[in-house]
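Take a look at the structure set out below.
The values are calculated or read from the model by the stated rules, or taken from the named source; none is laboratory data. Nothing here was measured: the structure is a model prediction, and the numbers come from that model. All Cβ positions, glycine included, derive from the backbone under ideal geometry; neighbour counts span all protein chains shown. When the accessible area is computed, the model is the full protein with side chains, heavy atoms only, and any ligands, DNA or RNA have been set aside. Shrake-Rupley method; radii C 1.70, N 1.55, O 1.52, S 1.80 Å.
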Amino acid sequence: MTERRHDRTFVRSFFTSPTALEGEDDSAKMIRSASGLRGMQAPDVWVPDNEDATAPSMRDEGVANILDVVAENGAEFPGEIHPRIVWHRDRPETRHRGLKHMLELADPANGAVDHLDGFVIPEVGDIDDWKKADEFFTIVENEHGLDEGSLAMSVIIESGEAELATGKLRDEMGKDTNNLERLFLFVDGEVDYTKDMRAITPAGDLPSWDELRHNTSRGASANGCIAIDGRYDDIRDVEGYRERMTENQSKGMLGIWSLTPGQVVEANWSPLPPEKDQWLLDDGREQVELEDEDGVAVYDGDRVSLEDTDEEYVLRVDGDERRLASDELTDELLGMVEYVPSMDDIVDSMEEFERARESGTGAIAMERATTLRIDGVEVDLSTERMWDEATYQASMTPVSLFQDVYEHRPDQHDDLAERYGENVVERATDVGT
Amino acid sequence: MTERRHDRTFVRSFFTSPTALEGEDDSAKMIRSASGLRGMQAPDVWVPDNEDATAPSMRDEGVANILDVVAENGAEFPGEIHPRIVWHRDRPETRHRGLKHMLELADPANGAVDHLDGFVIPEVGDIDDWKKADEFFTIVENEHGLDEGSLAMSVIIESGEAELATGKLRDEMGKDTNNLERLFLFVDGEVDYTKDMRAITPAGDLPSWDELRHNTSRGASANGCIAIDGRYDDIRDVEGYRERMTENQSKGMLGIWSLTPGQVVEANWSPLPPEKDQWLLDDGREQVELEDEDGVAVYDGDRVSLEDTDEEYVLRVDGDERRLASDELTDELLGMVEYVPSMDDIVDSMEEFERARESGTGAIAMERATTLRIDGVEVDLSTERMWDEATYQASMTPVSLFQDVYEHRPDQHDDLAERYGENVVERATDVGT
Amino acid sequence: MTERRHDRTFVRSFFTSPTALEGEDDSAKMIRSASGLRGMQAPDVWVPDNEDATAPSMRDEGVANILDVVAENGAEFPGEIHPRIVWHRDRPETRHRGLKHMLELADPANGAVDHLDGFVIPEVGDIDDWKKADEFFTIVENEHGLDEGSLAMSVIIESGEAELATGKLRDEMGKDTNNLERLFLFVDGEVDYTKDMRAITPAGDLPSWDELRHNTSRGASANGCIAIDGRYDDIRDVEGYRERMTENQSKGMLGIWSLTPGQVVEANWSPLPPEKDQWLLDDGREQVELEDEDGVAVYDGDRVSLEDTDEEYVLRVDGDERRLASDELTDELLGMVEYVPSMDDIVDSMEEFERARESGTGAIAMERATTLRIDGVEVDLSTERMWDEATYQASMTPVSLFQDVYEHRPDQHDDLAERYGENVVERATDVGT
């Protein structure tokens, strides 16, 4: 892989804020407020948005506002700062305007460039269009005496062409005629993508675009970039936002767009392991969390019931009844439960595997046991999982993310310590390094 | 994007009819009957099929039949006419035969070419195979004094190679050595694709091929072409055909293959907005349509029940019971309903947004309210949706399709007016233009 | 398609066994045991695994063990033998070590090469990395006087780059500077792929990676290779392994990795048609197999009930009740049942179609009839399916697989005859050829 310059190897939250709105007394108020975010409310990447979130007639004022606020508050801002400028694959006048805005924002005379980490380019087209944007970055860097490639370029994937470009980038990156190594984030933009693909849904909802998210994530993985999912417009639907993130994480897309500081908090916590371990039970429709009562995992829903006649057990799951002997019951329940390890558990297991590996053992069995209680009937369950080098490496992903956060976001140390405890935080920063 | 010649930017229905069958008294009877279709029964694209639907030994006769019928009735046919000829990526003799058929069909001496809009090429392989077909079109055009690129080329995607080619086309289109700008429809052919991929299902059903449909739609979008889904063989299963189309539309694939005039009618209406708005309720399994009784949306199924004790509400959804206060109930129900706007509603909202935009406002809230009745208990619901430029643009897709239909299919004006009313039709043709 | 050398056009099972483990008395014991597998327990492709399944410090000993065992037992082994060597797209020292192991394994002086069909290369990257591996094969062949391209190369797809390479291979295969025609199996490696994509799931399960499997299968199809799904670690979960294979088969991925002789047996049978036909009924949640009692298909579950009042039928499906007249009931039930043909049925239908085709008929209707019994109420059902050339060709896939097995695995003839009967086996080997 060609050498990349960017410090962050994980980005959880991509927070956009308007830079200028019509009718505002103080157009800079909103970005000033964004620049003051700290801790879990502060995003990994803050994007003063001079495109969609800003009134078309106010974009020059938007640039001035970014310069003001970033020059003043940029040094203290705990995340990276990447303004989104205007761009369009089909409109040369928009691209030229984007160039002029970049030149102005990066001008050392304007005092903000030291705190700017890069720019976000929306509405990119195919790979040749990405090269045009990259060339403008190079011109800006050269004009202002910055190192070539020092400004990161992030792109919004919101057209079929751009989705295809994520699969072609490896053929182009590293060539002498470009600096595409500056690429940083691949951000899905599902609203405009839906328009570009001319998709229709009955109620006007966004399609789920599974393949787009897969392809974006794969393209990011294959090119050392970071994949970010698009906007989740219903900002009151916290549960839906969380489910979307869980789904994204199973695709390798660990970051997401945030529209509010509340969404930033959710996005920052989501890919981090939970503070407490958790047993789940499949009730025939979905996985439900079991209550922990003194080490007993208690199910108190209606879909699963269990009865112990003296001769056998009667297990009902969502309308299906089965009569089972004791060992059959245990097997059946083992197939229905799942164990979600806490950060503490993950670190424990990794340390245990590391010790085993040092003493020459390549695979060890990790046991997880609990007592499950349904309708007052208690059953002891114990699962074993083989850990080998591959399991260890896969478990490393959330831990590496934690370590990346810990290194780059000292403003979140208190929150992490409060959630996990100092001891777990310390061990999690050490393990696997 | 390179300049394209084709008038239609949307195609809803792709109707194939045999051109010659063994044992027929009059082999031309079936295509003559197809050429007489009008109004909603007439497809956007009619494909006299000289490949699979025609007996292998009768294909020269099929060409003669196409020439007869198109020369006689082509001028009056309200849709475009694109015969499917024979072709195979692995068989040069088939490709040569296809060339000879194209030369004959496009010969001005035979009187049909003025009514032919292009040809459909089945069984294409990778991008080099597409270029071979394109070259034959160019030779045919040159031989018969037609403008280069004037005959449209549509391809059936029924091999892995062809699916991959949809992602490579942008690298080739526009080169001096081809006329690939003639490309028009990308049609999935799932029966042969299944064979080519060697897929097996227990009962011999076709797999759903989600990724193929996504990739076809994306390739069409990235190259200014139009994506069409394949045959739906169970012609009596109207409900299944509709569901397939709804699914396709969420992928940006707005057209579908039709095997009968009945399927053509369904395909022509499907991507157009409904004439009446509709509230849907998620009953825990699926979304059901609510009955409109004097402005009240009434649920009369068995899976959801609602009871108003004096202290609280008891809501049961598919076996799960919840006791809720009034405002909790409203929140819960808001999460369960969805609103499907009518054509009238869509045009209303777009006009309202246009007025707001003209007066300098970039985003407005659109409210939708109804009273929901379950088991006699009535609850007032009101949802708000933010409309910005992106929402407006996305809403434009079905309206643009309507406008394309209105422009190119005067034979359907009466049907449109009958469904939507003259007033709505007029406003829908004006909005957004 | 460029000429390929490999005999097998279908591979059902890809069985890996360790070649050397620490602390073993006899490191060669396990591969010796693998080399003794016969019949349904013997895989189509046996992979003595000198990578992940072998201790890192023991890989030279692993090579020695492979040489010993294959030289001694290779001639009698009924499947192909493809050792997995070490390789990594990012580590030149690993690639060099892989080259040295290949040179040693293929050295005629070591007596094993006559029984080796190729090598498996893990952790490949993009297409240029595949070319490096191919070049090492060529060097090994040249060094040892083997024909160029005579050793097959299989790759483990376990990175985003490699997934993308499956879509680029057609641009490279056939060039004078490589021998990529030696490519044989594309094997998904979901454990390492998950790590490479940095995907996270709450309980540490593997994501389902639908798109990866589609893309691997498509790439194999487009390049004349064979797609194999990755490891299924829970070796006791036979039902889950079977479901995974059924899902894979609908994607055109007919082979799967096996970790035990028990999994090999499952993998070898899975893509072959069943010995008995089977009616399935959709009970509102899933398809359940109906019991055959003297030609009557009997449902004895709880989710569907049927009552014959004298006036009408009352059908209840998963809580939904409908009152139906006799013909409505028949229509409803026809929509709920599905027929899974046996090998005998498939061969019957193909023979019938072949006879019709010879007599000049292009399409015939195949009827399937049964009596369905629910709660003692009996209903006669009859479905018709049109068979044309495309249906015939699609039905050929499992039969071609059967014929490939029959030709290459004489050690399985007894098992096939026992399952299907001599008569069916004979007709199945003749049909369609």
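Over chain C, all Cα pairs binned in 10 Å intervals from 0 give whole-percent P(r) values of 4, 19, 26, 23, 15, 9, 4, 1, 0, listed from short to long. Interface area, chains B and A: about 2800 Å² of buried accessible surface, summed, with a 1.4 Å probe and ligands, DNA and RNA left out.
Residue of chain A with the smallest Cβ distance to the axis mapping A onto C, distance rounded to whole Å: A:Glu211, 3. Of the trypsin sites (Lys or Arg not before Pro) found in the stretch A:215-295, those in coil by DSSP whose Cβ has at most 16 other Cβ atoms within 10 Å are A:Arg236, A:Lys276, A:Arg285. The value for the stretch B:117-246 of Rg(Cα) / (2.2 N^0.38 Å) is 1.14. Compared with the dominant Cα axis of chain B, that is its longest principal axis, helix B:326-336 is turned about 10°. Quick check on the stretch A:19-131: take the gyration tensor over C-alpha atoms, sort the square-rooted eigenvalues as a ≥ b ≥ c, and tell me if it's rounded (a/c under 1.5), prolate or oblate. Note, shape of the stretch A:19-131 comes out prolate. For the protein assembly as shown, the solvent-accessible area of protein heavy atoms averages 41 Å² per residue (probe radius 1.4 Å; ligands and nucleic acids excluded). The C-alpha atoms of chain A define a longest principal axis, and helix A:59-73 lies at about 70 degrees to it. The stretch B:36-113 and the stretch A:53-91 have Cα centres spaced 57 Å apart. Only alpha carbons enter this Debye calculation for the stretch B:257-346, each as an equal point scatterer, and the log10 of I(q)/I(0) it gives at q = 0.26 Å⁻¹ is -1.30.
Sorted shortest first, the separations between the B:Arg91 label point and its copies elsewhere in the assembly read 5.0, 5.1 nm; each point sits 7 Å from Cα along the Cα-to-Cβ line.
Label separation (A:Glu378 vs A:Glu351): 2.9 nm, computed from points 7 Å beyond Cα along the C-beta direction.
With R₀ fixed at 56 Å, the C-beta to C-beta distance from A:Glu407 to B:Ser150 puts the FRET efficiency at about 0.35.
Between C:Glu181, C:Glu358, C:Glu148, the GNM of chain C built on Cα springs shorter than 10 angstrom shows C:Glu358 fluctuating the most.
Computed from the C-beta positions of B:Lys100 and B:Lys29, the FRET efficiency with R₀ = 35 Å rounds to 0.90.
Mind giving me the FRET efficiency for A:Gln278 and B:Glu312? R0 is 45 Å, r the Cβ-Cβ distance, nearest 0.05 is fine.
After rounding to 0.05, the efficiency reads 0.90.
Which percent, to the nearest 5, of DSSP beta bridges fully inside the protein assembly as shown are antiparallel? Antiparallel: roughly 50 percent of the beta bridges in the protein assembly as shown. Label-point distances for A:Gly39 to the equivalent site in the other copies, using a point 7 angstrom along Cα→C-beta, read 6.9, 6.9 nm when ranked shortest first. Per the 1.4 Å probe, what fraction of the accessible area of the stretch A:1-146, in percent, lies on carbon and sulfur atoms? Percent of accessible area from carbon and sulfur atoms in the stretch A:1-146: 44.
Taking chain C as the reference, fit the longest principal axis to its C-alpha atoms, fit the long axis of helix C:238-249 to the helix C-alpha atoms, and give the angle between the two in degrees, 0 to 90, nearest 10. Its long axis makes an angle of about 90 degrees. Could you check which residue among B:Pro122, B:Pro108, B:Pro207 shows the biggest mean-square fluctuation in a GNM of chain B with a 10 Å Cα cutoff? Answer for the Gaussian network model of chain B: B:Pro207. Would you mind classifying the stretch B:221-372 by shape? Square roots of the alpha carbon gyration tensor eigenvalues, ordered a ≥ b ≥ c; an a/c under 1.5 is rounded, otherwise it is prolate if a/b is larger than b/c and oblate if not. It comes out oblate by the Cα gyration axes.
List the trypsin sites (Lys or Arg not before Pro) in the stretch A:150-188 that DSSP assigns to loop (not H, G, I, E or B) and whose Cβ has at most 11 other Cβ atoms within 10 Å. Which are they? Here the trypsin sites (Lys or Arg not before Pro) that fit, given the DSSP loop and packing criteria, are A:Lys175.
Label positions at C:Glu239 and C:Glu72, each projected 7 Å from the Cα along the C-beta direction, are separated by 4.2 nm. For the stretch B:387-412, a decrease in accessible area of 30 Å² or greater in the assembled protein chains relative to the isolated chain, with a 1.4 Å probe, applies to B:Ala390, B:Gln393, B:Ala394, B:Thr397.
Taking label points 7 Å from Cα along the Cα-to-Cβ direction, C:Ser342 and B:Asp176 give a separation of 6.8 nm. In the stretch C:144-187, the residues whose accessible area drops by at least 10 square angstrom when the other protein chains are added to the isolated chain are C:Gly160, C:Glu161, C:Glu163, C:Leu164, C:Gly167, C:Lys168, C:Arg170, C:Asp171; the probe is 1.4 Å and only protein heavy atoms count. Going from the chain on its own to the full set of protein chains, the stretch C:335-355 has these residues losing 30 Å² or more of accessible surface (heavy atoms, 1.4 Å probe, no ligands, DNA or RNA): C:Glu338, C:Val340. Quick one: grab the alpha carbon gyration tensor of the protein assembly as shown, order the square roots of its eigenvalues as a ≥ b ≥ c, and give me rounded if a/c is under 1.5, else prolate or oblate depending on whether a/b is larger than b/c. It comes out rounded by the Cα gyration axes.
Ranked from shortest, the separations from the 7 Å Cα-to-Cβ label point of C:Glu422 to its equivalents in the other copies are 8.3, 8.3 nm.
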